[in-house]
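K.L.:
One structure is given below, represented as structure tokens, and several questions about it will come after.
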Amino acid sequence: MPYTEWEHSSYATTDAKSCQQCHMPRTNGVRLSNGSMTTEVMEPRDNFAIHEFVGANRLMLDIFNNNKTQLGVLSSNFAETLTKTQAMLNSAATLSNVKQCLGSNNVLNFTLKVDSKTGHKLPSAYPSRRVVLHVAVKDETGAIVFESGKINSDGSIVGVAADSDRTKFEPHYNVIKRPDQVQVYEAIMGDNQNQVTYTLLRGMTYLKDNRILPLGFDKTTAPNDVKVVGSALTDKNFIGGSDSVSYQIKGLTGNNYIVEAELVHQPLAYSFANDLFQEPDDEVADFKTMFNASSAKSSQIALTSFSVVKKGDWEM
């Protein structure tokens, strides 16, 4: 429903920006045929929309590129398209810390803010996609003393309920206090029994939809087809254009820490992929081999890092 999401955002009104303006870059001096059988061409056209519909799925581009012979792929410009896809991802959102404090009670507090730069929900469209907030806290020696959202090479995420039990899913968080609490922006489908399903034809509703909203999106008036589902609906920090997540980490005895945070996009969530891999089908088995071999299961959207020194008062 990207178009409906766009319609409910400020990109369709006050910040007017079309789908084409983001996904079709412009160029000047393009000569077009006039449609006749002659060699005559029209005058060069400026501000011409190049038909490069770049999205965010680096995984499938990588799989096509690495398995050309088996898949019968003829294209030779995957490297260029992969680079443009990564650039599109990097323009999708920003990540920043808005306040931080390491108090005398040995509790580290900080708040991260995700700002959307897209005209639809992030991640968009197909529900296999998810965006994860990965946060690591390091002490003065560089050792990790807290980590939420660690991503493994197979695409699974430490602490995410769905990756160890596909009948469950990670809730939306406003405050994270433990490593097994991970902020995952995603749409989780439910069947007619309100049970988690990864089969599109069995999906009747959403059990969770906390995908990052575009600027101007009012979650209280959104149409049912694009509504927010789950605790994100009542999270006052989850609004059109942004979400803020607070972290409260106890038991830290040091005086200096480094916080590293990244926003990561996965076109095919580990739980979604492994549900597919249960099918006894040769094509599924082939895809599993290609998926496992790909290094593009996860792509970084944004990164931020900052240091925190024990003071006892909030820093803005």
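The values are calculated or read from the model by the stated rules, or taken from the named source; none is laboratory data. If you're wondering where the values come from, they're calculated on a predicted model, not measured in any experiment. We place every Cβ from the backbone using ideal geometry, glycine too, and count neighbours over all the protein chains shown.
K.L.:
Can you spot a residue in segment 128-146 that is among the β-branched types (Val, Ile, Thr) and under 12 Å from the mean Cα position of the chain (by Cα)?
P.N.:
So the first thing to find is which residues in segment 128-146 are among the β-branched types (Val, Ile, Thr), and the list is 131-132, 135, 137, 141, 144-145.
Within this subset, residues satisfying the condition of being under 12 Å from the mean Cα position of the chain (by Cα) are 131-132.
Looking for residues that are among the β-branched types (Val, Ile, Thr) and under 12 Å from the mean Cα position of the chain (by Cα), one finds at least one in segment 128-146, hence yes.
K.L.:
Inspect segment 77-95 for any residue being surrounded by 14 or more Cβ atoms within 10 Å (Cβ to Cβ), over 17 Å from the mean Cα position of the chain (by Cα) and at pLDDT 90 or above and give the result as yes or no. Write out each step before concluding.
P.N.:
Step one: list which residues in segment 77-95 are surrounded by 14 or more Cβ atoms within 10 Å (Cβ to Cβ), which gives 78, 81-82, 84-86, 88-90, 92-95.
Going one step further and asking which of them are over 17 Å from the mean Cα position of the chain (by Cα), we end up with 78, 81.
Narrowing the set further to residues that are at pLDDT 90 or above leaves 78, 81.
Within segment 77-95 (the criterion being surrounded by 14 or more Cβ atoms within 10 Å (Cβ to Cβ), over 17 Å from the mean Cα position of the chain (by Cα) and at pLDDT 90 or above), the answer is yes, since at least one residue qualifies.
K.L.:
Among the residues of segment 99-116 satisfying the criterion of being in contact with a Gly (Cβ under 9 Å, 6 or more places away or on another chain) and surrounded by fewer than 21 Cβ atoms within 10 Å (Cβ to Cβ), which is nearest to Ser242 (Cα to Cα)? Steps first, answer last, please.
P.N.:
Looking only at segment 99-116, we keep the residues that are in contact with a Gly (Cβ under 9 Å, 6 or more places away or on another chain), and these are 101-107, 109, 115-116.
So of that shortlist, the ones also surrounded by fewer than 21 Cβ atoms within 10 Å (Cβ to Cβ) come out as 101, 103-107, 109, 115.
Numbers: Cys101: 22, Gly103: 27, Ser104: 31, Asn105: 30, Asn106: 29, Val107: 26, Asn109: 20, Asp115: 4 Å.
Selected residue: Asp115.
K.L.:
With the structure loaded, tell me whether Thr205 is of a type outside the set (Phe, Trp, Tyr), over 27 Å from Val137 (Cβ atoms) and loosely packed, with under 13 Cβ neighbours inside 10 Å or whether it fails that test. Talk me through it step by step, then tell me what you get.
P.N.:
Working: of a type outside the set (Phe, Trp, Tyr): yes; over 27 Å from Val137 (Cβ atoms): yes; loosely packed, with under 13 Cβ neighbours inside 10 Å: no.
No: the conditions fail for Thr205.
K.L.:
For residues in segment 242-289 being charged (D, E, K, R) and not in a loop (DSSP other than H, G, I, E, B), which is farthest from Arg211 (Cα to Cα)? Show your work before the answer.
P.N.:
Looking only at segment 242-289, we keep the residues that are charged (D, E, K, R), and these are 243, 250, 260, 262, 275, 279, 281-283, 286, 288.
Going one step further and asking which of them are not in a loop (DSSP other than H, G, I, E, B), we end up with 243, 260, 262, 275, 282-283, 286, 288.
Values: Asp243: 10, Glu260: 22, Glu262: 16, Asp275: 21, Asp282: 33, Glu283: 31, Asp286: 31, Lys288: 26 Å.
Out of the qualifying residues, it is Asp282.
K.L.:
Consider only pairs whose beta carbons are under 8 Å apart and that are at least six residues apart or on different chains; among these, list those whose first residue lies in segment 103-127 and is in contact (Cβ under 8 Å) with a residue 12 or more places away in the chain and whose second residue is in a strand (DSSP E or B) and basic (Lys, Arg).
P.N.:
Every condition considered, the pairs that remain are Gly103/Lys310; Ser104/Lys310; Asn109/Lys99; Phe110/Lys99; Thr111/Lys99; Pro123/Arg130.
K.L.:
Tally up the residues in segment 130-154 that are closer than 14 Å to Asp180 by Cα and of a type in the set (Asp, Glu), please.
P.N.:
The number of residues fulfilling the criteria is 1.
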